[in-house]
Every structure is written in structure tokens, then in C-alpha cells.
Amino acid sequence: MVFMKQGIFFLLLFILTASMVQAQNKLTINGYVKDASNGEALIGATVYVKEINNGVITNVYGFYSITLDPGDYTVNYSYIGYKTISQNVSLVKNQEINMDLPIESEQLDEVVVTAEREQANVENMEMSTNKLDIRTILKVPAFLGESDVFRSILLLPGVSTVGEGASGFNVRGGSVGQNLVLLDEAPVYNSSHLFGFFSVFNPDAVKDTKLYKGAIPSRYGGRLASLLDVRMKEGNSKKFEANGGIGSLFSRLAIEAPIIKDKSSFIVAARRSYIDILARPFVPLLKDGGALNFYDLTLKSNYTFNRKNKLYASGYFGRDVFLFDANQGFSWGNTTGTLRWNHLFNERLFSNLTLVYSNYDYKLQFGDDDRDSFKWNSSISNFILKPQFTYFINSNNELDFGGEAIYYTFEPANAVGISNGNVIDVSLNKKYNLETALYVGNRQTINNVLSVEYGLRFSHFQSFGPGKSYQYNDTIPGLRRAPTGFEEFKKGETIADYNNWEPRASFRIQSSPTSSIKGSYNRMAQYLHLISNTTASNPLDVWAPSSRMIKPEIGQQFTLGYFKDLGADRVYEISVEGYYRATENQIDYIDGADLLINEFLEGELLDGVGRAYGIETYFQKKKGRFSGWLSYTLGRTELKVSGINRGNWYPARYDQLHNLKIAAFYDINERWSVSSDFVFVSGTPTTFPTSRFVLQDILIPYNSNGSRSNVRLPSYNRLDVSFRLEGKKVRRGKDRKNTDYWVFSLYNVYGRKNPFSIYFSQRDERTPQGTPINSQAVQLSIIGTVVPSVSYNFRF
């Protein structure tokens with residue numbers, strides 16, 4: 001392992017030494033690009049130098065740096081929805097140019113899917129990536145009229161869910177647990193409220209959302225399928241601002257203001273649902289201590305010490321509560337905290353040091369009183385240290401390097417039962433783990449036709465004592481393995497140790513001014529595993545670290561795509577991407593696996609290989625009175641595990657062959673606009689019994705041939721419509737200082753009863769002796785009717 005770390009160090013040293021020689025006698029322009037109205041950094045703004053026909057984009061903090069020969073240049077600063085500003089620069093020494101871009105008022109109501117210049121889809125290196133501007137998120141029709149990040153993401157190509165009421169999302173055939181979700185760089189282990197109907201991200205506090213489905217940069221790791229990077233607003237550094245809304249389900253309020261104008265600011269955003277409050281007078285259950293709600297609090301602050309140093313602090317706290325009375329129910333929630341320090345060493349070397357705390361926990365309790373009860377708490381928490389550096393070598397090379405260290409504490413179960421006053425402790429021991437990584441990557445423009453991005457990540461994972469490592473017997477594949485012994489480890493002793501090289505590479509060939517061909521390769525390692533054999537992911541699923549028996553999941557993805565801009569103003573965009581991902585050590589479960597509070601969990605698990613492949617097509621009109629997109633994905637996700645389906649390939653639970661999404665937005669006039677979306681997705685696989693037997697007049701179904709995923713549910717389709725009415729801008733002859741709008745929406749317009757699952761049950765009536773027992777198939781639909789809603793939103 002020391003050799004591997006030295007290899008990355010010497011590779012980095014070589015690149016830096018070569019770049020310093022290359023950059024001699026050159027000068028640098030750097031600075032920040034921000035929104036002139038509120039001081040927010042603009043992520044992905046373009047800084048374009050006309051004379052060299054090249055440029056750069058700002059990073060997630062709005063910083064840019066470009067190195068040039070001495071001379072006179074015209075530099076254009078642009079960002080969709082903002083006025084482009086050109087500045088003449090006579091470069092005789094290093095210069096710092098900070099640019100505040102004013103909003104183009106005529107484009108305020110336009111839907112913008114990417115926050116980049118129109119041709120960026122063709123000209124930049126990124127592929128398998130989608131950015132959603134917050135204005136788009138606010139316009140997408142949503143459940144109960146409340147805009148939501150996840151509901152918008154589910155309309156993108158390659159993204160799906162197994163149904164309403166399912167937590168999380170699936171990307172290119174990956175499981176929910178194979179997505180890394182970051183909120184200001186803090187991992188969020190359960191990103192859903194209300195069983196998946198809403199995400200934990202308050203749209204009033206969100207600035208930028210970016211989903212990586214492939215071509216993931218080397219600075220990220222830890223998951224196989226995707227990365228969702230959500231960035232919070234920094235807070236208005238110019239003036240006081242308040243945003244909020246009152247809806248059918250919950251209300252929200254966000255306040256942001258400068259602490260010291262143009263130097264320090266903050267934002268605080270809160271939400272709380274109130275179904276239980278409104279229903280309490282009519283529902284006896286809620287009068288006896290019952291609760292049905294969720295809430296969250298998001299906050300962030302920043303302080304600029306000087307031109308080279310800036311500090312950010314952000315946090316999130318949220319929880320869902322479902323109590324049947326004062327003593328029975330369950331709850332779950334996330335807590336995160338992020339501290340970041342930006343430091344500029346010189347005009348070309350930018351650094352960010354991040355400290356993160358993240359915790360996810362859930363609680364379950366039931367019982368009549370203190371003499372008969374059961375309480376179960378479980379959690380996963382981690383501390384993260386992440387130093388990151390970006391060296392802007394020149395206009396053709398941008399070098400990233402750094403590291404990451406994550407310390408995990410798993411508490412699988414702190415569970416105590418009391419029966420007739422007797423205490424029974426079935427708690428499981430905590431688990432301690434350390435994941436570290438080093439990375440280096442470079443984005444390089446070779447010429448006007450060819451650009452490449454390449455990188456290398458080395459990851460290392462250790463499991464520490466105190467703890468036990470169990471050995472299990474060999475048995476017929478597919479059957480439960482019994483423990484045969486164990487090895488005990490003292491505090492600090494290494495139980496398991498893994499390391500992996502994770503190379504990354506991508507290219508872009510500019511085949512014409514309006515088209516390009518892109519490709520990428522990723523190798524990813526995942527050391528954490530979401531253990532769930534339910535129809536859909538739920539809050540009580542178990543996170544488990546790699547161990548001697550549970551190997552890290554390894555994924556390799558290949559992508560190839562064609563990108564084209566159309567129209568005189570390049571407002572139309574089309575892309576076609578093909579992908580193939582092969583995975584190793586993919587986890588599945590024996591029939592009837594016992595996953596909860598099980599000390600011998602490893603004996604319930606099986607591992608095998610997986611494959612996911614498909615084609616994504618995407619057509620988008622980027623701006624204008626009428627805008628929107630259409631996406632279609634044709635894909636397969638299959639597993640092959642010894643002991644399941646007789647050792648043959650079988651579709652994964654989240655396999656969906658056809659996935660069609662349409663989103664459309666139309667501005668009727670200055671005050672009225674309408675938006676709509678339509679979804680059609682193939683039904684997901686499930687396993688039906690192939691035989692049955694009767695025992696003491698009880699019908700017991702079973703699978704006689706050991707097949708898995710042998711039936712597919714009916715397809716899912718849904719239409720949503722939303723109307724938005726802007727408040728009057730002038731009242732009593734005077735311009736209003738505040739703005740507001742109403743949203744009227746219909747979710748599931750034609751009331752389709754989309755199947756979430758189908759299960760079999762024996763009929764209730766007694767069957768006469770000698771008469772065959774009848775069973776019935778029951779379809780469960782989470783939402784089987786149209787759901788109207790109205791919400792009022794304001795800003796002042």
C-alpha cells in the first residue's frame with residue numbers, strides 16, 4: 001500500500017514539475033463570478049477568451065483561473081439567464097478580476113435545465129451528467145404542489161424508482177444504496193421524507209443540483225451507480241430576503257441576509273408538515289399521543305477574511321415521526337454539519353479543506369407500558385476530512401489532487417425488550433471502520449478537436465476491533481450458512497483490510513462546431529452496503545460495512561455518446577448515450593432471509609456478479625416561451641448469483657426495460673404559465689409462487705423451481721399538470737417590493753392505480769372440508785386517484 005501511495009505522489013510531482021516548466025513566462029487572470037443581485041457564486045459560469053478561442057468554467061465556489069501569454073485580450077463572462085459582460089484586458093502582470101453578472105429580467109421566468117452556455121453540451125468534457133437549475137425544479141409539477149429535487153431528477157434519462165412510496169432512486173440499473181448523495185459535501189444516508197414522496201432538500205435553500213451517472217471525476221468515490229451533488233445557497237450578501245410557502249401538506253420559510261455586507265451572510269430555511277395537527281380533532285389515534293409529520297432545518301453561513309481566505313459553515317437537521325400513540329411508532333432522521341475553508345495559495349493554486357459530520361438514525365418502539373415493550377435504535381455516523389487542491393496550469397490543463405479520510409461508526413441495533421418486567425437485551429455490537437483515499441486528475445485540451453480527462457484514485461478500507469469475525473459452514477448455495485466459530489479482536493486491531501485502484505478516463509472529439517462524440521471509463525469501489533430485501537428501500541434498511549465475509553462491491557462502467565445542438569440559436573439539444581456496467585460482489589439474499597437484528601447476518605447473504613446496459617436518448621428545447629425535454633431509456637439490469645434462479649441470470653428488482661419521460665413548460669402570458677410531465681415505465685420484476693400446499697387448512701405458497709423475478713408487474717404511467725399564477729407586479733400604481741405566486745396542480749390526472757406490489761392471500765371465508773382452498777391476488781397501489789393541491793409562495 002505504501003508503494004501505491006508513493007506511485008500517486010510521484011505521478012503528481014511529475015505533472016506539477018512539467019506544468020511549472022510549461023507555464024514559465026505566462027500570466028494569470030483569476031477571480032470570482034457572482035450574481036450581482038445577491039452575491040451568490042455562480043457555479044459553471046463561462047469565462048471565454050476570444051483571441052485563443054478557449055476558456056474555462058468556474059468551480060463550485062465561483063472561482064476561475066486562466067493562464068495566458070502577455071498581451072491584449074477580450075474576456076467574456078456569461079451564464080444562462082444573466083447578461084454577458086465583455087472586458088478588455090491588457091495582460092502585463094497577473095490580474096484579479098471579480099465579476100458580478102446582472103440578471104436578464106426578460107429571462108427570469110424561462111426554464112433553464114443547465115446553467116452553462118448553450119453550446120456547453122457539445123463542447124465541454126462532461127457526459128452522463130445532468131444539472132437542474134433551481135428555477136426548473138420550481139416549475140416541474142409536484143406531488144401536493146410542493147417542488148422537490150427528487151421529483152425533478154426522476155424525469156431525467158436513466159433515473160427511475162420502483163414506485164410511489166419508495167425511498168431514494170435508481171440510476172442506470174443501480175440499487176438505491178449505490179448512489180452517493182451529498183449535501184454541501186456531507187453524505188446523506190436516507191434522503192427521503194414521507195417514504196419517498198419528498199426529498200430532504202428544501203428548494204428554498206438549494207442553489208445547484210448535479211447528477212453524475214458516469215464519467216465521475218477521481219475526486220469522488222465510494223458508490224458504484226451515481227453521485228448526486230446538492231449545493232446550498234450561501235445567503236444573500238447584499239440585502240435581507242425571505243422566501244416561503246403555504247401548501248396543502250406543509251409550510252416552509254427561508255430567511256437570508258448579510259451579516260456584513262459583501263463580506264459575510266447567512267441563510268436559515270425550515271419546513272414542517274401539519275397533517276397530524278389538522279387531523280387531530282377528527283382522528284382519535286392522534287389525540288392519544290399519535291403523530292404523523294416531518295420537519296427539517298437547513299442553515300448556512302460564510303465569512304470572507306480577505307481575498308485569499310473564506311470560511312463556510314452549513315448544517316442540516318431533519319426527522320420523520322410516525323407514532324401510533326405515545327408509546328408506539330417509529331422515526332428516522334439525518335443530521336449533517338460541514339465546515340469548509342477556501343484558501344488561494346497563489347493565482348493558480350486553489351484549495352478547499354472540508355470537515356464533515358454526518359449521522360443517520362432510526363428508532364422503533366412498541367408496547368403497552370414499561371413492563372411490556374420493545375425499543376430499537378440504530379445509526380450510522382461518520383467524520384470526514386477532505387483536503388482538495390486545484391492547480392490551473394494553463395488554459396489547456398486543470399489539475400485536481402487531494403485526499404479523503406472517513407471514520408465510520410455503525411450501531412446495527414441497540415435493542416431491548418421487556419416482557420412482564422423481564423429485560424431481554426438483543427443489542428448488537430458497534431462496528432468501526434476507516435476509509436481513506438488519494439486521488440489525482442487532469443482535464444486537458446489537446447487541440448480544437450480532442451480533449452481528455454484522466455485520473456486515478458486509490459482507496460483503502462479497514463475494519464477495526466473491538467469485535468468478532470465469524471466463520472460459517474459450507475452448504476448448498478442458496479441455503480442459510482450457520483456459524484462454526486469466531487475470532488475476537490481487541491480495540492484497534494484490524495479485522496478486515498481492502499484497497500483498490502480506481503482509474504477514470506474520458507474523451508471528447510469535436511466532430512463539428514455543433515456536434516461531438518464523447519466516451520468514458522470508470523472503475524469504482526464501494527465498501528458500504530445497503531442491506532434490504534423488501535419491495536422498495538425503506539427507513540429501517542440496514543447499512544453494513546465490508547468485512548471478511550462481505551467483500552467490497554466493484555463496478556466498471558463504459559459509456560459512449562453522441563451530442564448535437566440544433567437550430568439557428570442552438571436552443572435545441574439532442575444526445576444519445578450507450579452504457580455498460582459490470583459489477584462484482586453484488587449482494588443478494590437467500591429466500592426468507594432474516595436481516596434485522598441478526599448477529600449472523602453474513603450467513604443470510606449471497607454474492608455474485610451483475611450487469612446493466614442500455615441506451616439513453618435525450619431531446620431538449622432549452623429556452624423560450626415553450627421549453628422542456630423528452631427522454632427515453634432502453635435498459636436492462638441483471639444479476640447472476642450462485643444459489644438463486646438455478647445459477648442463471650435474472651432481472652434485478654429495479655430492472656425496467658422501457659423508461660419514457662416528457663416534461664413541458666409554457667408561458668401563457670406574463671402572469672400565467674403551465675407545466676406538465678408524463679411518465680411511462682415498464683413494470684418491475686417480482687417473484688410469484690409456482691406451487692402451493694395446504695397445512696391444517698392454511699394455504700402456503702412456495703416456489704418449487706427456485707426461480708427469482710419470474711413475473712413482471714404491470715407498467716407504471718402517470719400524467720401531472722400544474723398552473724402557476726404570478727402575483728401582480730404593480731399595485732395601486734406602485735411597483736411591489738415583494739413577489740408572490742400561486743401553484744395549482746393535479747397529480748396523477750387520470751387517476752391510474754399504478755401497482756406497487758402484488759401479493760397473494762387466502763380468502764377469509766371458511767372452506768368446507770374437501771373443497772379446494774381459494775386464494776386471491778391483491779394489487780397494492782400507493783396512490784390510486786387524482787390528487788389536487790394548491791400552494792401559495794412568496795418572496796420579499
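The values are calculated or read from the model by the stated rules, or taken from the named source; none is laboratory data. Note that the structure is predicted; figures quoted are calculated from it, not measured. Because the Cβ atoms are built from the backbone with ideal geometry, glycine has one as well, and the counts that use them run over all protein chains shown. In case anyone asks, the SASA skips ligands and DNA or RNA and just uses the protein heavy atoms, side chains included. Shrake-Rupley method; radii C 1.70, N 1.55, O 1.52, S 1.80 Å.
Key figures for this structure:
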| read-out | value |
| --- | --- |
| Carbon and sulfur %, accessible surface of segment 227-363 computed with the full protein complex present, 1.4 Å | 68 |
| Segment 668-727 versus segment 203-279: alpha-carbon centroid distance in Å | 31 |
| Förster-model FRET efficiency, 41 Å R0, PHE486 and ALA36, C-beta, rounded to 0.05 | 0.05 |
| Two-site label geometry, ASP591 and SER691: point separation in nm, points 7 Å out along Cα→Cβ | 0.9 |
| Value of relative contact order over segment 129-230, rounded to a whole percent, pairs C-alpha under 8 Å and six or more apart | 33 |
| With every protein chain in place, segment 578-634: carbon and sulfur % of accessible area (1.4 Å) | 60 |
| Surface per residue (accessible, 1.4 Å probe) for the chain, Å² | 42 |
| Span from the segment 156-180 Cα centroid across to the segment 456-494 one, whole angstrom | 29 |
| Note, ³J(HN,Hα) from phi for segment 372-379, Karplus 6.51, -1.76, 1.60, rounded to Hz, x at Gly and Pro | 9, 7, 8, 10, 9, 10, 9, 7 |
| Table column - 3J(HN,Hα) (Hz), segment 483-493, Karplus curve with 6.51, -1.76, 1.60, x for Gly and Pro | x, 10, x, 8, 10, 9, 10, 7, 4, x, 6 |
| Rounded tilt (10° steps) of 2-22 against the dominant C-alpha axis of the chain | 20 |
| Whether segment 667-712 is rounded, prolate or oblate, judged on the alpha carbon gyration tensor where a/c under 1.5 counts as rounded | prolate |
| Rounded to whole Hz, the Karplus (6.51, -1.76, 1.60) HN-Hα couplings of segment 424-433, x for glycine and proline | 10, 9, 10, 5, 10, 5, 5, 10, 10, 9 |
| For segment 397-456: relative contact order, % (alpha-carbon pairs under 8 angstrom, 6 or more apart) | 38 |
| The chain: relative contact order as a whole-number percent, Cα under 8 Å and 6+ apart | 10 |
| Carbon plus sulfur fraction of accessible area for segment 122-221, probe 1.4 Å, in percent | 55 |
| Protection proxy ranking, peptides 566-579, 635-648, average beta carbon neighbours within 10 Å, highest first | 635-648, 566-579 |
| Taking all pairs of distinct alpha-carbon atoms in the chain, Kirkwood radius in angstrom | 28.3 |
| Cross-link pairs LYS50/LYS623; LYS363/LYS431; LYS26/LYS518; LYS300/LYS622 - those with Cα-Cα distance over 29 Å | LYS26/LYS518; LYS300/LYS622 |
| Spacing of the two label points (7 Å from each Cα toward its C-beta) at SER715 and ALA582, in nm | 3.3 |
| Reachable aspartates and glutamates, given that their alpha-carbon falls under 19 Å from the alpha-carbon of LYS729 and they are not under 8 places away in the same chain | GLU104, GLU106, ASP109, GLU110, GLU241, ASP667, GLU670, ASP740 |
| With all protein chains modelled, accessible area of MET99 [1.4 Å, Å²] | 20 |
| Percent antiparallel among DSSP beta bridges (both partners in the chain, rounded to 5) | 95 |
